[in-house]
Amino acid sequence: MSMSIQEFAQSHNEPQWLTVKRIVANDITKTLKVPSSLRKFYFASPKLTCRSIDTKNLASKNLKDLGIIIMDLFAAANEFPELIQENLMEKAIDWRDNALNSKHLAYLQSGGFVFIPKDTYVDKSIDISDLVDHRLQEKHLLIIVASGSEVSFTYKDSKKHPYNDRLMIEVLLGDHANVSFYDAEMTNSEKSHRVLNAYLAQNASLKTYVSLFNHGDISYYSNIDLDGMGSSAKINLVSLSDQKQKQVVQTKIINKSPNTSGLITQRGIVADNSKTTYDTTGQIKLEASDSDSDQISRLLTLNPESKGKIDPILLIDNHDVVAGHAASVGKVNSEQLYYLKTRGIDAQTARFLLTRGFLTPLIEKFPDKSVQKHLLNNLEERIHG
């Protein structure tokens, strides 16, 4: 039997301020709009059932010694309310922005919290995949990296998945923080909605590496806010769609301050009767003088029925900037295909080798070798057969 939001909150000793916030979010959901592009991802409210919360700091001893906190989001809301209350869906993702966001907060089932203290350096990527329960529909990650720290994170989906899957990720960077985030989206859910938004302070730097190798329909949305002077962001994304999949990828970097830099690089394979759409936006505000915004998007279609669409947008309010975009949707290069065939390679293998070469440069940037292997095996299975 499904619990009410209040009963669910009481089952794991949720702080009152969070319970009230969730109830208000639920109340205003009916007054907010659902973006037209996301209507199919306005999932039915999930069942809320009693769950136990691990209240410990789940970081390894080495990370604990550095002062790093990795714990369940609900436990962190009790232990570190000063960090959670003012940041959870307030800066990077606004819970009041639309009905999907408010409903996500209201029915949030599982979450994780990561805090990296000031001037901390971590040489190995921190795997945060197990901070959420992959079997549940509504999941959330809140990551705060304090000033002067350098760290990378890896998140990968498990084989356990719900019919509808939503994960929202917030990354907040302090001054001079340097972060890399590796996100391997590999769910088998029928519908998957992924959000990765970030807020950057002065001279902060964020690089995201995203692979969309899921099997169902997906909406991926990423918005990076370059609020601090001298901040920079790079979104690197590869995607693969086949059969009758529908993928909508929306990426956006907003330059809000002077001397900021944003680059979006995307590559995708579209096979069978699938369709992939890249909506890419670079925005430079009036105050962001001496900034740059660039985007490069390429889609490779493998069949006559495969559909790829790229919509590059530049919104420029300041003329003392550098901005540009490049976009292409095309088939496998016939000359390269012919060359491989003349070397005794059959057409199917030749096509696979060309598609693998198209995506491999970004896949190889994932620090987890098992993720690299899984992505490449997945590509071969779905393209080469």
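The values are calculated or read from the model by the stated rules, or taken from the named source; none is laboratory data. This is a predicted model, so every value here is computed, not measured. With ideal geometry, Cβ positions are generated from the backbone for all residues, glycine too; neighbour counts draw on all protein chains shown. Protein only, heavy atoms only, side chains kept; ligands, DNA and RNA dropped before computing areas. Shrake-Rupley method; radii C 1.70, N 1.55, O 1.52, S 1.80 Å.
Structure summary
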item	result
Ala59 long-range amide H proximity, modeled H, under 5 Å	Ile70
Solvent-accessible area, 1.4 Å probe, carbon plus sulfur percent, for the chain	48
Where labels lie 7 Å past Cα in the beta-carbon direction, separation of Lys30 and Ser158 in nm	3.6
The range 82-175 - Rg over Rh from alpha carbon coordinates, Kirkwood radius	0.99
Simple spin-label estimate for Ser289 and Gln6 in nanometres, 7 Å along Cα-Cβ	5.6
Loop-located trypsin sites (Lys or Arg not before Pro) in the range 221-312 whose Cβ has at most 12 other Cβ within 10 Å (DSSP)	Lys244
Radius, Kirkwood style, for the range 240-385 when every pair of distinct Cα atoms is counted (Å)	16.9
Per residue accessible area in Å² of the range 85-155, where ligands, DNA and RNA are left out and the probe is 1.4 Å	34
Percent RCO, i.e. relative contact order, over the chain, from Cα pairs under 8 Å lying at least 6 residues apart	9
Debye, to nearest 20: dipole size of the chain, +1 on Lys, Arg Cβ, -1 on Asp, Glu Cβ	1340
Cα-based radius of gyration of the chain once divided by 2.2 N^0.38 Å, which approximates compact folds	1.00
The range 156-247: antiparallel DSSP beta bridges as a percent of all, rounded to 5	0
Of all DSSP beta bridges in the chain, antiparallel share, percent nearest 5	5
Between the range 229-257 and the range 192-209, the alpha-carbon center distance in angstrom	10
Cut-off under 5 Å, modelled amide H: who pairs with Ile224 long-range	Ala198, Lys252, Ile253, Ile254
Hydrodynamic radius (Kirkwood) for the range 23-97, which is based on Cα pairs only, to one decimal in Å	15.5
³J(HN,Hα) computed for each position of the range 288-302 - Karplus, 6.51 cos²θ - 1.76 cosθ + 1.60, integer Hz, glycine/proline x	8, 5, 6, 10, 9, 9, 9, 8, 10, 10, 9, 10, 10, 9, 9
Added length on full extension, which subtracts the Cα-Cα distance from 0.36 nm per residue, Lys373 to Thr342	8.3 nm
Potential extension, Glu90-Glu380 segment - 0.36 nm per residue separation minus Cα distance	100.3 nm
Mean shadow area of the range 1-59, taken as a quarter of the surface of its Cα convex hull (nm²)	6.0
Shape parameters for the range 122-257, alpha-carbon atoms, Rg then Dmax in Å	14.9, 45
The range 275-284 - phi-based ³J(HN,Hα) in whole Hz, Karplus 6.51/-1.76/1.60, Gly and Pro as x	9, 10, 10, 9, 9, 10, 10, x, 10, 10
